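Here, each number is a calculation from the coordinates, and none is a lab measurement. Predicted, not measured: the structure shown is a model, and the values here were computed from it. Cβ placement follows ideal geometry from the backbone for every residue including glycine, while neighbour counts extend to all protein chains displayed.
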Amino acid sequence: MNPLEVLKQPWPWYVAGPLIGLTVPTLLILGNKSFGISSSLRHICAACMPANIPFFKYDWKKEAWNLFFVAGILIGSIIAIVLLPNPEPIKVHENLANDLAKYGITDYSHLVPLQLFNWKALSTWRGFILMVVGGFMVGFGTRYAGGCTSGHSIMGLSNLQLPSLIATISFMVGGFAMVHLILPYILAL
Amino acid sequence: MIEQNVQEKQTTIVENHDFEVRSLDAMCVNTSQVEQKWYSNLKYMAVGMIFGILFVKAEIISWFRIQEMFRLESFHMYGVIGSAVAVGMLSVWLIKKFKIKTIDGEPITLQPKKFNKGQIIGGIIFGLGWGMTGACPGPLYAQIGTGATVILITLLSAILGTWVYGFLRDKLPH
């Protein structure tokens, strides 16, 4: 296989994980920036609709680097999908595929299951809950927790912060509860 | 007299406000002392681009991968997060040990995080949302980039969620 073909395949965890870990020292050395992504949502609030709420009354321009960073993520994902598209369907565990088939999810052409997440589905209960309610909980929960997977689980744990470990465990508790106890009912809607 | 006192107090709060408010969540509080032009931010965009490519190619933004993680059907995400944390820990330790400075020669500072109940309550709320959307905030941006444009709605909803948190902040247990 030529190198380009190899790059088009899904990258293994032992390549991606260490490279993500290197983001921590890279941002620190480039400009003393602590890695964190959910803060970008707060800066957008501060920039667009601070509404006199103390939590959003700060000079967001001082944190503009964070918005450049997330803009970079968006551009990078377009580059990956245009220049390095994976021609194969996404491989998932057999049990997952069997369970999802029960709810009519059979399309593995995209990393996001387009049968669940599409514009038309927004007006169904299932789509509304997954996209709108789910998104709200991600934004509300990460800010309430003071960080997300990047700020707590990667940056916080790298700096040996106990609150970040507590937050990470809470993320996992919520995720396990959703996937095992609640999501089957949402998917059945 | 009392009124004047209150007013004075308010002035002081406003003066220190910026750093105070931004440090509330212990993220992104380090302001460089060196005057930077706007285009110095482009280097962070470059790092973000590499990050975005990694997110897509390692399928970290895949809804299916997140389901597999919570169903314990794949080691992939545990491997990604585990090895990222290991490399991050080693890097932070090295930075502290050798007192490595930024490229502008400034000392690197790390803010300790304080415990509050939000890390548990908010953490669980985020976890529930993570299991539904299959995305934490970073992957939301990348999912849009891969062509799932409807995720823009999920992102806007996440911004609204952040705003509502800011609005209710004083009434929530911390």
> How fast does the protein assembly as shown diffuse by Stokes-Einstein, in µm²/s, taking the Kirkwood radius from C-alpha pairs at 4 °C and 1.567 mPa s?
Replying inline: 62
>> I want to make sure I understand the PRE zone here: with the label point 7 angstrom from the Cα of B:LEU72 toward its beta carbon, which residues in region A:76-99 have backbone N atoms less than 12 Å away?
In response: none
> Using Cα pairs under 8 angstrom and six or more residues apart, how large is the relative contact order of chain A, in percent?
Replying inline: 24
>> Straight-line reach only, C-alpha to C-alpha below 24 angstrom: list the lysines that B:LYS171 could link to, leaving out same-chain residues fewer than 8 apart.
In response: A:LYS57, B:LYS9, B:LYS113, B:LYS114, B:LYS117
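Out of all Cα-Cα pairs in region A:26-127, roughly what percent, to the nearest whole number, are more than 17 Å apart?
On the way: 3602 of 5151 pairs.
Here the long-distance tail beyond 17 Å is 70 percent of all Cα pairs in region A:26-127.
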> For region B:110-174, taking Cα atoms only, what is the radius of gyration to one decimal and the Dmax to the nearest whole Å?
Replying inline: 13.8, 39
>> Whole-Hz ³J(HN,Hα) for each residue in region A:28-42, computed from phi via Karplus 6.51 cos²θ - 1.76 cosθ + 1.60 with θ = phi - 60°, x for glycine and proline: what do you get?
In response: 5, 6, 5, x, 6, 9, 7, 4, x, 10, 4, 4, 4, 5, 5
>> How shielded is A:121-134 by partner chains, expressed as the average number of their Cβ atoms within 10 Å of its Cβ atoms?
In response: 4
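Across all directions of projection, what mean area in square nanometres is found for the Cα convex hull of region A:1-85?
Working: hull surface 28.8 nm².
Averaging across all directions leaves 7.2 nm² for the Cα convex hull.
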> So which chymotrypsin sites (Phe, Trp or Tyr not before Pro) in region B:115-145 end up in coil per DSSP with only 16 or fewer other C-beta atoms within 10 Å?
Replying inline: B:PHE115
> Arranged by the count of other C-beta atoms within 10 angstrom, fewest first, what order do A:CYS48, B:CYS136 take?
Replying inline: A:CYS48, B:CYS136
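What translational D, rounded to a whole number of µm²/s, comes out for chain A from Stokes-Einstein when the hydrodynamic radius is the Kirkwood one over Cα pairs, at 20 °C and 1.002 mPa s?
Working: Rh = 19.4 Å.
After rounding, the answer is 111 µm²/s.
Taking other Cβ within 10 Å of each residue's Cβ, how do A:HIS152, B:HIS76, A:HIS180, A:HIS43 sort, fewest first? Present the calculation step by step, with values, prior to reporting the outcome.
On the way: A:HIS152 30, B:HIS76 20, A:HIS180 12, A:HIS43 23.
Ascending Cβ contact count within 10 Å gives the list A:HIS180, B:HIS76, A:HIS43, A:HIS152.
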> Which ³J(HN,Hα) values in Hz, rounded to whole numbers, follow from the phi angles of region A:74-85 under the Karplus curve 6.51 cos²θ - 1.76 cosθ + 1.60, where θ = phi - 60° and Gly and Pro get x?
Replying inline: 4, 5, x, 5, 5, 4, 4, 6, 7, 8, 10, x
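So, by mean Cβ neighbours within 10 angstrom, what's the order for A:84-92, B:48-56 with the highest one leading? Mind showing how you got there, number by number?
Numbers: A:84-92: 13.8, B:48-56: 25.9.
The most tightly packed comes first, giving B:48-56, A:84-92.
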> Is there a pair in A:LYS61/B:LYS96; B:LYS57/B:LYS96; A:LYS62/B:LYS57; A:LYS33/B:LYS97 whose C-alpha atoms are over 21 Å apart, and which pairs would that be?
Replying inline: A:LYS61/B:LYS96; B:LYS57/B:LYS96; A:LYS62/B:LYS57
> Please state the Cα pair-distance histogram of region A:116-189 with 10 angstrom bins from zero: what percent is in each bin?
Replying inline: 19, 40, 28, 12, 1
> To the nearest 20 debye, what is the magnitude of the charge dipole of the protein assembly as shown about its Cα centre, counting +1 on the Cβ of each Lys and Arg and -1 on the Cβ of each Asp and Glu?
Replying inline: 260
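Neighbour counts of other C-beta atoms within 10 Å: give me B:GLU106, B:GLU59 arranged from fewest to most. Intermediate results must be reported in sequence, preceding the final value.
Numbers: B:GLU106 14, B:GLU59 25.
Least to most surrounded, the residues fall as B:GLU106, B:GLU59.
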